[in-house]
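Heads up, the thing below is written out as structure tokens.
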Amino acid sequence: MKPPASPKTLGLSFRRALLALCLLGWGTAFPARAEDGYRLWLRYEPVRDETLRDAYSRSLSSLVVQGRSPTERILLEELQRGLKGMLGISPRVSEKVLEGSLLVGTPGTSPLVAGLKWDKELSQLGKDGYLLRTLPFQGHRATVVASLSPLGCLYGSFHLLRLLGARQSLDSLQIAEKPRIQRRLLDHWDNLDGTIERGYAGKSLWKWNPLPGRVDPRILDYARACASIGINGAVLNNVNADPRVLTGPYLEKAAALAGALRPYGVRVYLSANTGAPKVIGGLPTADPLDPAVEKWWKEKADEIYRLIPDFGGFLVKAGSEGQPGPQDYGRTHAQGADCLARALAPHGGVVMWRAFVYDDAVDADRIKRAYKEFKPLDGKFDANVFVQVKNGPLDFQPREPFHPLFGAMPHTQLAAELQVTQECLGHSTHLVYLGPLWKEFLDSDTFEKGPGSTVARVLDGSLEGHPDSAIAGVANTGDDRDWCGHPFAQANWYAFGRLAWDPSLSAQAVAEEWARLTWSDSPQAVSKILSMMMGSRETYVDYTTPLGLNGVFEKDLHYAPDPGMVDPRRLDWSAAYYNRADEKGLGFDRTRHGSDAVDQYHPPLPGRWNNLKPCPEEYLLWFHHVSWGYRMKSGRTFWEELCLRYGRGALETREMKQQWESLRGLVDGDRWQVVEGKLEQQVKEAALWRDKCLHYFQGFSHRPIAGETAWIGENSP
Ligand code: GCW
């Protein structure tokens, strides 16, 4: 719609009527538009509350963006799209600040922003940070988004749109934001053939074949989504890396993707296979200390930076699950990482060297191995190396204590690896909001330097004064129309970005933001959705791995339960290795009488976890082999408590579905139906988990399953 020719001559009510017509028009112009989830949290749905809409429209009546960089062009378009969608207005683009202007820019690109003389505050916020303020400006009331960089301005613009989306007041904004973690990456486990390892939302977004000639336009929407939540890096390929990604033709393809992502601030990284000098370089060895190998990596880095000047660096899985590594030549992880780091250093690139290793020669307890291999190497990594550590010491389980390497390598920059894709959390079928899991991890106290030495502080560099910092999430995106395969899995992409930017945000606040932007601005709908989301992870833990249990997932797929599974390939891939069910009880003894994993942590944690009584119940079976008759805090026996948790998980899943049913009509029918179908399956599978696990464990406990009679028939059609 064009704005009225002369707004002053039109009465307010007439304008309102016009606007109402316009809003109605959207309803009728696109009545059948399916809500297919494509728009993620960037839906920009109309503000129905007239008073609020008028207030917003008055505050944002013109846009002043003086910079002409691609990023500033993008933010202008995004603001126009957002305001058109939410307010039905197309604000004038102007060079002058008038009443109700939104001014966006950097002191370098906008004389108007420079005139504000905010340089000192802006420099404290760094290049990604921004100020978002309302203020009187040359006699007018204006809103300003200012940053040292166009990217910071883009982040600030998305913040403003988020406020509108959440229907918050713009009246007196005094916002200063900067990310606490510098590198906020999505790690894509995408293979060159388009498949995705642990991907549950279709094929890879990167369509390698038509590249570099054609970049799928969808990449731009991926980049927008990333930028809107502050994600600033993407590792394009699987850590089980095909060495061919480092050959010329693939580098050109990667460069084309980098070009598309660049204006959105998303830098490209690649997973590198340490065997590449041999496999694609034709050298007789890939020994990181061999001068020819060193030279090969240097030349490779030079070639990459000629094509991708802002290339982020390499992610490396080495000496793990069949991948080659420096150990093949009797070298350490540090020697391997530093060889690559020296090649990247002149260009400003980094190496993210994964600590996901579990060589069974190192220790009989799998979860102790990475610590034992890496801790002695502290201080031996070059300055541009991150050691990238999964949140827990095992492998992306529904619940684990934090990895003991956090807090154990003060002289090394540590990056955290979280898993956004739900490998052991119900793939794209089960509704599990991961915010609470990640918060539990980020807020964990390592006690490295006494109380308050949280994982978040290790990660943001503040605990040890490291200049750089990084966090990565294994992406859950694919080419499914709704990106993540489940409307609620989008929340995990969103939450990863928001928590990477600011680990101090609460899981609930992030969920609320997401729910409003993604589903509805109705407080009733939001509160129901929120209560479903906030309980979902604990519910999932209850019906799959309660009380610190682990390793009950079926072989390879990691979806269904198989607590008795024995994997002939490796003992430590077998369920029984982890749950240790026997006539006495259940759980892995990691106390000082057992594997002594507790002593990989700083005091007071070993004391707390080594003894059954003070050990938090959520970690009970992680650290202890608990006898079936052990008295829990509740007064119930351990067996009864186990039954109760499994039963509770299944029950709560049914309740979650009932809650969703009460949302019918409060959210769009298309997505409602999709979620309903998935919840139906989740309810069935939660009951299956409960039954299969309890019956298996009952074979050892020989005790009656409390509550079972009430469940019988629950799964029959
Ligand atoms: O647990 C395993 C996953 C693998 C994954 C590996 C890793 C990319 O099952 O699919 O490989 O973790 O993180 O390297």
Fill in the blank from the handout: Apart from one, (1) farther than 19 Å from Leu605 by Cβ; (2) within 20 Å of the chain's Cα centre (by Cα) all hold for Phe381; the odd one out is (2)
Exercise for the section: Could you list, in sequence order, all residues of the range 234-265 that are part of a helix (DSSP H, G or I), within 16 Å of the ligand (Cβ to nearest atom) and in contact (Cβ under 8 Å) with a residue 40 or more places away in the chain? Expected result: Val245
Handout entry: Condition broken by Val268, with the remaining ones in (1) more than 17 Å from Tyr305 (Cα to Cα); (2) more than 16 Å from the ligand (Cβ to nearest atom) satisfied
Key = (1)
Completion exercise
Over the range 336-367, the set of residues charged (D, E, K, R) and either within 19 Å of Val235 (Cα to Cα) or within 24 Å of the chain's Cα centre (by Cα) (or both) is Arg354
Handout entry: Long-range neighbours under 6 Å by Cβ, at least six apart or interchain, first residue under 17 Å from Leu151 (Cβ atoms) and in contact (Cβ under 8 Å) with a residue 60 or more places away in the chain within the range 163-184, second hydrophobic (A, V, I, L, M, F, W, C) and part of a loop (DSSP other than H, G, I, E, B)
Key = Arg184/Ile231
Completion exercise
Checked the range 564-580 for anything touching a Gly at 6+ places or on another chain (Cβ under 8 Å) and in a loop (DSSP other than H, G, I, E, B); matches are Ser574, Arg580
Problem - Among the residues listed as Thr518, Thr545, Thr539, the single one being within 16 Å of the ligand (Cβ to nearest atom), at pLDDT 95 or above and closer than 30 Å to Trp672 by Cβ - result: Thr545
Practice task
Using the structure shown, decide if Trp609 is buried (at least 19 other Cβ atoms within 10 Å of the Cβ), within 28 Å of the chain's Cα centre (by Cα) and either of a type in the set (S, T, N, Q) or at pLDDT 95 or above (or both).
Solution key: no
Completion exercise
Those residues of the range 426-439 which are more than 13 Å from the ligand (Cβ to nearest atom) and surrounded by fewer than 24 Cβ atoms within 10 Å (Cβ to Cβ) amount to Ser428, Thr429, Pro436, Lys439
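Conditions (1) at pLDDT 95 or above; (2) of a type outside the set (A, V, I, L, M, F, W, C); (3) within 18 Å of the chain's Cα centre (by Cα); (4) within 23 Å of Trp41 (Cβ to Cβ), marked per residue:
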residue: Asp193; (1), (2), (3), (4): yes, yes, no, no
residue: Val215; (1), (2), (3), (4): yes, no, no, no
residue: Leu220; (1), (2), (3), (4): yes, no, no, yes
residue: Gly230; (1), (2), (3), (4): yes, yes, yes, yes
residue: Val235; (1), (2), (3), (4): yes, no, yes, yes
Completion exercise
Cys693 fails exactly one of (1) under 21 Å from Tyr630 (Cα atoms); (2) surrounded by 18 or more Cβ atoms within 10 Å (Cβ to Cβ); (3) in contact with an Asp or Glu (Cβ under 8 Å, 6 or more places away or on another chain), namely (3)
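Conditions (1) under 21 Å from Ser61 (Cβ atoms); (2) of a type in the set (Phe, Trp, Tyr); (3) modelled with pLDDT of 95 or more, marked per residue:
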{"site": "Ile74", "(1), (2), (3)": "no, no, yes"}
{"site": "Gly85", "(1), (2), (3)": "yes, no, yes"}
{"site": "Ser90", "(1), (2), (3)": "yes, no, yes"}
{"site": "Val93", "(1), (2), (3)": "yes, no, yes"}
{"site": "Lys120", "(1), (2), (3)": "no, no, yes"}
{"site": "Asp171", "(1), (2), (3)": "yes, no, no"}
Exercise for the section: Scan (1) touching a Cys at 6+ places or on another chain (Cβ under 7 Å); (2) more than 24 Å from Ala560 (Cα to Cα) for the single condition Tyr646 breaks and write down its number. Expected result: (2)
Exercise for the section: Looking at (1) within 29 Å of the chain's Cα centre (by Cα); (2) farther than 24 Å from Tyr38 by Cα, find the lone condition where Ser701 falls short. Expected result: (1)
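Each row is one residue, and each column tells you yes or no for (1) touching a strand residue (DSSP E or B) at 6+ places or on another chain (Cβ under 6 Å); (2) closer than 22 Å to Tyr264 by Cβ; (3) not β-branched (Val, Ile, Thr).
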| position | (1), (2), (3) |
| --- | --- |
| Glu78 | no, yes, yes |
| Gly85 | no, yes, yes |
| Ser90 | no, no, yes |
| Val104 | yes, yes, no |
| Val113 | yes, yes, no |
| Asp119 | no, no, yes |
| Ser123 | no, no, yes |
| Arg133 | yes, no, yes |
| Leu148 | no, yes, yes |
Fill in the blank from the handout: Counted residues in the range 168-197 being surrounded by 18 or more Cβ atoms within 10 Å (Cβ to Cβ) and within 16 Å of the ligand (Cβ to nearest atom) come to 9
Problem - Residues of the range 313-333 that turn out to be aromatic (Phe, Trp, Tyr) and either within 16 Å of the ligand (Cβ to nearest atom) or free of Cβ contacts under 8 Å to residues at least 12 places away in the same chain (or both), as a count - result: 1
Exercise for the section: Kindly check whether there is at least one residue in the range 24-35 that is surrounded by 15 or more Cβ atoms within 10 Å (Cβ to Cβ), of a type in the set (A, V, I, L, M, F, W, C) and modelled with pLDDT under 95. Expected result: yes
Problem - Residues that are crowded, with 21+ Cβ neighbours inside 10 Å, in contact (Cβ under 8 Å) with a residue 40 or more places away in the chain and not in a loop (DSSP other than H, G, I, E, B), drawn from the range 440-485 - result: Phe441, Leu442, Val455, Ala456, Val458, Leu459, Ala470, Ile471, Ala472, Gly473, Val474
Problem - Positions within the range 308-333 being over 27 Å from the mean Cα position of the chain (by Cα) and of a type outside the set (S, T, N, Q), in sequence order - result: Pro324, Gly325, Pro326, Asp328, Tyr329, Gly330, Arg331
Fill in the blank from the handout: The correct count of residues that are over 19 Å from Trp573 (Cα atoms), within 14 Å of the ligand (Cβ to nearest atom) and in contact with a Gly (Cβ under 7 Å, 6 or more places away or on another chain) in the range 357-402 is 0
Practice task
Could you figure out which of (1) surrounded by 18 or more Cβ atoms within 10 Å (Cβ to Cβ); (2) within 30 Å of the chain's Cα centre (by Cα) isn't true of Ala581?
Solution key: (2)
Practice task
Could you tell me which of the residues Leu414, Leu431, Leu405 is assigned to a loop (DSSP other than H, G, I, E, B), in contact with a His (Cβ under 9 Å, 6 or more places away or on another chain) and not β-branched (Val, Ile, Thr)?
Solution key: Leu431
Handout entry: Some residue of the range 386-403 being in contact with a Leu (Cβ under 9 Å, 6 or more places away or on another chain), under 17 Å from Ala456 (Cβ atoms) and among the basic types (Lys, Arg)
Key = yes
Exercise for the section: Only residues that are over 11 Å from the mean Cα position of the chain (by Cα) and buried (at least 24 other Cβ atoms within 10 Å of the Cβ): list them for the range 486-515, please. Expected result: His486, Pro487, Phe488, Val510, Ala511, Trp514, Ala515
Handout entry: Selection from the range 277-300 of residues that are surrounded by fewer than 24 Cβ atoms within 10 Å (Cβ to Cβ) and among the aliphatic types (A, V, I, L, M)
Key = Val279, Ile280, Leu283, Leu289, Ala292, Val293
Completion exercise
Among Leu63, Leu42, Leu75, the single one that is among the aliphatic types (A, V, I, L, M), within 27 Å of Cys484 (Cβ to Cβ) and not in a loop (DSSP other than H, G, I, E, B) is Leu75
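The values are calculated or read from the model by the stated rules, or taken from the named source; none is laboratory data. Values in this document were obtained by computation on a predicted structure and should not be read as measured data. Positions of Cβ are backbone-derived with ideal geometry, glycine not excepted, and every protein chain shown enters the neighbour counts.
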